[in-house]
Each structure stands twice: as structure tokens, then as C-alpha cells.
Amino acid sequence: MGSTPDPGPSDLMAMTLAILQAAKAVQASLSGPTETRHGLSLSEIDVLANLSVVPEGALRMSQISDALVTNRPAVTRLVDALEAKGLVERRALPGDRRAVKAAITDAGRTRFREVCPFLEEELRHKLGDALGDEETAALRSALAAILSRLGEDPGRYAYPRDPGLGAPTGLESEG
């Protein structure tokens with residue numbers, strides 16, 4: 001008896017695999033130019049982005065690990081690298097001698113503001129007109145629905161735009 005051919009993934013599974021493949025392709029296409037131009041890996045930019053969206057500009061290392069979906073030793077290495085560049089600093093947590101927070105510095109906020117327009121321009125260059133305005137809005141909406149359903153904040157990085165810089169606002173330094 002011959003076996004029946006595999007019907008392939010369901011639409012839901014195919015969509016999930018396409019999301020993963022697109023994310024990896026975007027990361028791969030941005031990684032080299034970003035490191036060359038700004039001296040930052042995309043993972044380091046991800047740490048800066050996560051620190052920049054919280055009001056106090058600081059997160060526990062475990063919170064960064066959760067946000068980046070990576071292990072704590074990897075986060076420690078990322079924070080070490082960013083600290084060596086003067087973009088973050090470690091802060092002790094009052095009442096817990098073992099716990100520390102990573103906090104974005106003014107230099108880190110400035111560097112993050114500088115890299116955002118660069119990344120956007122790189123994406124425009126690489127993607128061209130692959131997606132029109134309506135398709136981009138539909139994709140953002142679909143991804144927001146997925147994030148919401150999974151308990152994530154879909155608006156986490158949806159900053160108001162600074163029309164003069166083309167970069168996110170709301171990244172002001174904390175006291």
C-alpha cells in the first residue's frame with residue numbers, strides 16, 4: 001500500500017511559518033548594515049527599544065530576557081556590551097542585593113533615536129514597494145491581533161512620530 005502524500009501545513013501553520021521566515025529575513029538583511037553604520041547588533045537595538053518604552057527607562061535583567069525571548073546569560077552579554085558603549089548602566093535594586101536593573105543612559109536614548117530612521121530607510125530600500133500603505137496597515141492590524149491574543153502589547157513600540165526627525169518621540173531622558 002502506498003502512503004498518501006502529506007497535505008502540507010494548514011493555512012494557520014503556513015502563516016506562522018511565513019511570519020517566522022519573514023522575521024528572519026528582515027533581521028538578516030538589516031544586521032550587517034546596522035552593525036557597520038551604527039556599531040550595534042539588532043539584539044542590542046532590541047534591548048535599547050525595550051528600555052526606551054518603559055517610563056523609568058529601566059528593566060530587570062529577567063524582564064529583558066522575557067521581552068527578547070532569550071536566556072539570561074545572553075541578556076547579560078548584551079547588557080555588558082551596551083554598558084561598555086555607555087548606552088546602558090546597571091542599577092542595584094533597593095532591598096534586593098542580588099537583583100539589578102539595566103537602565104538606558106542619555107547616550108543610549110540618543111543612539112536609539114539615531115538608529116530608528118536608519119532602520120526605516122534600510123527597510124524602505126530593501127522592501128521597496130512590496131507592500132502598499134493599505135497592505136502595511138492590514139499587516140500591522142493582523143500582527144496586533146496576534147500579539148493581543150498572545151497577551152502581548154501590540155502598541156509597545158507604537159510611538160508618536162517626531163515629524164522633524166522621523167524618529168520616535170517619547171524617549172525623553174528620565175530626571
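All of the numbers you see were taken from the coordinates with simple rules; none came from a lab. Predicted model only: the values in this text are computed from it and were never measured. Using ideal geometry, Cβ is built from the backbone for each residue, glycine included, and neighbour counts are taken over all protein chains shown.
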- [ ] Take the alpha carbon atoms of region 34-68, find their center, do the same for region 99-131, and report the distance between the two centers in whole angstrom.
- [x] 10 Å
- [ ] Work out, step by step, the length gained on full extension between HIS125 and ARG72: first 0.36 nm times the residue separation, then minus their alpha carbon distance; give nm to one decimal.
- [x] 15.7 nm
Open item on the list: Using Cβ counts within 10 Å as a stand-in for footprinting exposure, how do LEU150, LEU78 rank, fewest first?
Closed with: LEU150, LEU78
TODO: For an R0 of 45 angstrom, estimate the FRET efficiency from the Cβ-Cβ distance between THR4 and ARG37 and round to the nearest 0.05.
DONE: 0.30
Open item on the list: Cut-off under 22 Å on the C-alpha distance; same-chain residues fewer than 8 positions from LYS24 excluded. Which lysines are left, in chain and number order?
Closed with: LYS126
Task: Estimated FRET transfer efficiency when R0 is 41 angstrom, pair ILE19-ARG97 (beta carbons, to 0.05) - done: 0.50
Open item on the list: So for each of 100-111, 50-61, 127-138, 85-96 I average, over its residues, the number of other beta carbons within 10 Å; can you give me the resulting order with the highest mean first?
Closed with: 100-111, 50-61, 85-96, 127-138
Task: Global geometry of region 1-82, whether rounded, prolate or oblate, following the gyration tensor of its Cα atoms and the 1.5 cut on a/c - done: prolate
- [ ] Between beta-carbons, use under 12 Å as the cut-off and find the net charge around GLY86, counting Lys and Arg +1, Asp and Glu -1.
- [x] 0
Task: Global geometry of region 102-154, whether rounded, prolate or oblate, following the gyration tensor of its Cα atoms and the 1.5 cut on a/c - done: oblate
TODO: Return one number: the angle in degrees, 0 to 90 and rounded to the nearest 10, between the long axis of the Cα atoms of helix 42-52 and the longest principal axis of the Cα atoms of the chain.
DONE: 60 degrees
